[in-house]
Every structure is written in structure tokens, then in C-alpha cells.
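The values are calculated or read from the model by the stated rules, or taken from the named source; none is laboratory data. Computed from a prediction, not measured in an experiment: that's the story for all the values here. With ideal geometry, Cβ positions are generated from the backbone for all residues, glycine too; neighbour counts draw on all protein chains shown.
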Amino acid sequence: MSDVADTVVSLSEHLQELRMCSSKNIQRLVSNLEPHLEDRLPETFLGSLAEKDQIICYRTVHICWSVTQGKQIPCEMQLKAVLADQHGKNSLVSACTGGGKTLPIALNILLDDPSKNLVTLTLSPLKRLQVTQQNDFNNRYGIPPVVINEDTPRDEAWWNVSADLPMSHIIGYGFSKCLEP
């Protein structure tokens, strides 16, 4: 059990180091990840960006690589969505099922400074999709979401306990039904 706790602490510390890493070091870190990583990166897109945006993208790539244990690298569409959020802009990602819409949300949560206690909201119209997203956020990205829908207990004690949990992501729909007395 202590190995798991040590790994979680190590990943958490690693993510904080990546968030704070200098622009000079982040590119070096990304180039050291895997010999053929450049083949998987949208180099033309990255090359077209200003240095500040390149650094955000390289930081995003490294965080993604770290939390997915080298299984995922964001594509151009996902990096564009991350950049929009990092610049305080709204974005709409339209893609088919399995097209990569969840990853930019997770990456922005992981890029955020945890001390700011920011909360991200995903509206998901289907309970089955909520379960899939909850599993993805928990298992793939290490982000424990709270799911709110008509099955959410209306018991005040549940809400009080839930308010005390570290929460950075809410998945839900039909909030007016959930919040009615």
C-alpha cells in the first residue's frame, strides 16, 4: 500500500515540477521522453506558435505523457483546445465518439495550479457517458470527478461530505432537477 501512496505523491510532485518548470527546461524534458516522440507530435502546428504557446504545448505534452505512462500524446486539435483555455477563451471541440474530447479537459485540469481550487464542469447528457467519463478521469488521468444527476442523493449530509472532498471536476446534467428541494 505504501508503494501506491509513494507513487501518487511522486506523480503529484512531478506534475507540480512540470507546472513550474522554466521554458528552457520544458523543451529539453520533452525531447528526452522518447527517441521517436517527435514523430507523434504535430510539429508543423507547434512550429507555427509563439514561444509562450509552444511552452504551454510542450508542458501539456509532458504532463499527458506522465499521467498516461507514455500511452497518450495530445494531437493538434487537443492542443488548440488547451491553448484556448489557458488564454481564458472559450472553445468548442466537436468530434465523434472516441475522438479525443475528454483529454483536453483533463489536461487543463492537470495544468491548473491546485492551490487555486478551480473547478471544471462537463455537461454530459447521458448517464452511461457520465460513467465512462468518470472512469476515464479516475483511471487514466488520476482526477477524481464528482458526478451529479437525478440519481445524486438529495440528502444534505451527502452534500456536506462531498463539499469537504477535493473537487476539481464535476460531470453532470439536469442540474435543476438535482438541486430542487
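Here is how the numbers come out for the structure above:
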read-out: Per-region count, segment 19-42, residues of a type outside the set (V, I, T) and closer than 20 Å to K71 by Cβ; value: 13
read-out: Residues (surrounded by 14 or more Cβ atoms within 10 Å (Cβ to Cβ) and in contact (Cβ under 8 Å) with a residue 40 or more places away in the chain) located in segment 107-135; value: L107, I109, L110, L111, D112, P114, T120, T122, S124, Q130
read-out: Subset of segment 39-51 (residues that are out of contact with any helix residue (DSSP H, G or I) (no Cβ under 8 Å at 6 or more places or on another chain) and surrounded by 12 or more Cβ atoms within 10 Å (Cβ to Cβ)); value: R40
read-out: Positions within segment 83-110 being farther than 15 Å from L15 by Cβ and β-branched (V, I, T), in sequence order; value: V93, T97, T102, I105
read-out: Selection count where residues are under 15 Å from the mean Cα position of the chain (by Cα) and farther than 24 Å from Y173 by Cα, scope segment 85-111; value: 2
read-out: Contacts under 7 angstrom Cβ, first residue in segment 136-149 being in a helix (DSSP H, G or I), partner among the polar types (S, T, N, Q), 6 or more apart; value: D136/T102; R140/T68
read-out: Close pairs from segment 81-101: first over 15 Å from T122 (Cβ atoms), partner of a type in the set (D, E, K, R), Cβ under 7 Å, at least 6 apart; value: L83/D53
read-out: Residues being surrounded by 13 or more Cβ atoms within 10 Å (Cβ to Cβ), more than 16 Å from A106 (Cα to Cα) and polar (S, T, N, Q) - total across segment 12-24; value: 1
read-out: Filter result for the condition that a residue is among the charged types (D, E, K, R), modelled with pLDDT of 90 or more and out of contact with any Leu (no Cβ under 9 Å at 6 or more places or on another chain), over K89, K52; value: K52
read-out: Number of the condition not met by D3 [criteria: (1) assigned to a helix (DSSP H, G or I); (2) within 21 Å of F137 (Cα to Cα); (3) of a type outside the set (A, V, I, L, M, F, W, C); (4) modelled with pLDDT under 85]; value: (2)
read-out: Per-region count, segment 104-135, residues in a loop (DSSP other than H, G, I, E, B) and more than 21 Å from M20 (Cβ to Cβ); value: 4
